[in-house]
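The values are calculated or read from the model by the stated rules, or taken from the named source; none is laboratory data. None of the values given here were measured: they were computed from a predicted structure. Methodologically, a virtual Cβ is constructed for each residue, glycine included, from the backbone with ideal geometry; neighbour enumeration extends over all protein chains shown. When the accessible area is computed, the model is the full protein with side chains, heavy atoms only, and any ligands, DNA or RNA have been set aside. Shrake-Rupley method; radii C 1.70, N 1.55, O 1.52, S 1.80 Å.
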Amino acid sequence: MTIKAVRGTRDLLPPDTALWNFVEETARDVFRAYNFQEIRTPIFESTELFARGVGEETDIVSKEMYTWEDRSRKSPLSDAPYEAAAEVLGKGQSLTLRPEATAGIVRAYIEHNLGQRGLSKLYLIGPMFRRERPQKGRYRQFYQIDAEIIGPPGSGSDSPVRDAEVIEMLATLLDRLGIKGWNLQLNSVGCANDRAKFNEALRQALEPVVGQMCADCQRRAVTNPLRVFDCKVPADQPIIEKLPRISHFLDEPCREHFDEVQNILAKIGIQFSLNDRLVRGLDYYTRTAFEFTHGALGAQNAILGGGRYDGLSEALGGPSAPGIGFAIGEDRLVMSLPESAESVQKKPDVYVAPLGAGMNCEAAGLARELRRQNLVVDLGDENFRLKKSFEAATRAGAKYILIVGENEVKADSFALKNLATGEQISVPRGELTQKIRA
RNA sequence: GUGGGAAUAGCUCAACUGGCAGAGCACCGGACUGUGGCUCCGACGGUUGCGGGUUCGAUUCCCGUUUCCCACCCCA
C-alpha cells in the first residue's frame, strides 16, 4: 500500500497552482492599495488562545480542532521517541493547529503592543485546520486569506468607516478576480448587551413553539438559539418569521453605527442586501457581520465571511482594541474563478534547443544570458533529436524555439522560430533578447 | 458525528447471468541522423482501493474497512 495524502488534505499541482498564485498576487495588490501589510503568525498556538478567543461553545473549538499535548520541557525523556515520551506527558502544554486566523493575529497584536503604532491594517494568507467531514469546498487543511483592521479606540478602529472600507475592498478584490454574481449580505449582531437581551427574548419566544419545530431547531433552541435562524426546513419558516429579530434589539449607538455603514456603502455604490437572519459561528463577533456568497459552490456557498469583534482583545487579556476583519475561503474562491488555470499560467518565451555533441554548454550559456534579461527560458538537451525538441517546446507552450547547433555557433547567429506562425529567422547573439521580446 | 453514491492502467471509462482484465487519450520509442502540431507502427502500463467470505472459478455476489464525491451538520 502506497502512502496517500490523509483524509481532507490534498496536493495542489500545476497548472492549478498558477490559479492560486494569481489569486494571492491579486489579493496582495489590492490590499496594498488600502495600505494593509502582511503578518505571519505560527500555524500552531496554545489551545487556550482558541478556547478563549473563538469560544468554548462553538463547534470549531468543541469538536473540530487538532489538539495535542506537547512534550513536557522538563521530561527526562524529552529526546526519547514520542511513544516513550507520551508516558510522561502529563505536564506538557496543550497545543492546537490554528482553525482560523483572527485569534492568532490579535494575540500577536497584544504581545507586541501594536496598539502603540496606532491603527494596524494586517493581512495573512495561509492554511487553517479543522477536523470536519470533507465535502465540496470543505477540507481539513484549507487556506484562508484573512485581513484585519485593529487598533486602540482613539485610532478610529471602531468607526463605521472601517467596516465600509473592508467591505468595499472585498468587492474590489472579487471584481478584480473577475468573479461574477457574488452576493453581499449584511447584518448587525449588536454589542454584548444587545445580544443578551435578544437571546433572552428569543428564548422566551421559542419556548411555546419549539415543540412544533424540527429536531435540529429543538436542539439549537437549547445550545445556541441564534442558530435557529439558519434553519432551512420549510415547515419551520412561518414560526421563524414571527420570532424577534436582532435589529429590534440594537441600542442607539449600535443602530447608528450600522446605519452609517449602510449609508457609506450605498453612497460608494456597493450593492448589498440586509439579512437579519445572518449569524456568524464565532462567539467574538459584535455589530457588523457580513458574508459574500456565490452560486457555483454547492452547499458551501459562503465564499468569505467577516465582521466586527470589538471585545476580542479584552477577552484575551489585552487592551481595548476594536477591530473588524474577514476570512476568505481561498479554496472556494479558486473554485468560483472564471479563469482557467491555463490562461493565467506564465508560458516560456523561448525554448533553447541544443543540437548535437558539445552544444549543451553553448545552450546553457545562451539560456543564462536570456534569463538574466528576465525572459522565461526552458532548456532542452543536446541528445534530443530536433523533432523531440520541437515537441517539448510545443508542449511547454513556448512562443519561440531557439536552435543551438554547430552552424549557429560558428556564425554566432541562431535560428529562432516562432512556433505559432512558423516564421524562422537567423538572429545574431546580440539581438536575441530584443527579437524574442518583440 | 449521520445519510446516499462511488472506487478497474497516469486520465476518461468498458468488461453480458460469476468464466483469459480491455479501449480511447496520455506517456516512451520508431517510420523521419538539422525543423513541431498530422499520419502510421510498436512498446510500456494492473495485487480491479484494502481485508475477509461464498464458489471449481469473484472486477462481478456477501460482510468489514479505507478513501473520494454529494448532502445533513457547521463554516471559509
In a Gaussian network model of chain A with springs linking alpha carbons closer than 10 Å, the residue among A:Val30, A:Val409, A:Val222 that fluctuates most is A:Val409
Semi-axis lengths (Å, descending) of the ellipsoid that matches the C-alpha gyration tensor of chain A: 52, 28, 22
Quick one: if you stick a label point 7 Å off each Cα along the C-beta vector at A:Asn360 and A:Ala235, how many nm between them? 7.5
Report the relative contact order of segment A:237-384, percent, no decimals, based on alpha-carbon pairs under 8 angstrom and at least 6 residues apart. 13
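Once neighbouring chains are kept in place and the probe is 1.4 Å, which whole percent of the accessible area of segment A:347-437 is contributed by carbon and sulfur?
Ligands and nucleic acids excluded, carbon and sulfur reach 47 percent.
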Ranked by how many other beta carbons lie within 10 Å on average, peptides A:363-371, A:197-205 from highest: A:363-371, A:197-205
Semi-axes (Å, rounded, descending) of the ellipsoid equivalent to segment A:347-437 per its C-alpha gyration tensor are 16, 15, 13
From Cα pairs below 8 angstrom and at least 6 apart in sequence, can you work out the relative contact order of segment A:347-437, rounded to a whole percent? 32
Could you check the spin-label model distance between A:Gln212 and A:Asn199? Points 7 Å from the Cα along Cα→Cβ, value in nm. 2.7
Between A:Ala296 and A:Gln141, what length in nm is gained on full extension when 0.36 nm per residue of separation is reduced by their alpha carbon distance? 53.7 nm
Computed FRET value (nearest 0.05) for A:Glu24 with A:Gln93, which takes r as the C-beta separation and R₀ as 41 Å: 0.80
How many nm is it between the label spots at A:Lys410 and A:Ser46, if each spot is 7 Å from the Cα in line with the beta carbon? 7.7
Tell me, what is the per residue accessible area of chain A in Å², probe radius 1.4 Å? 51
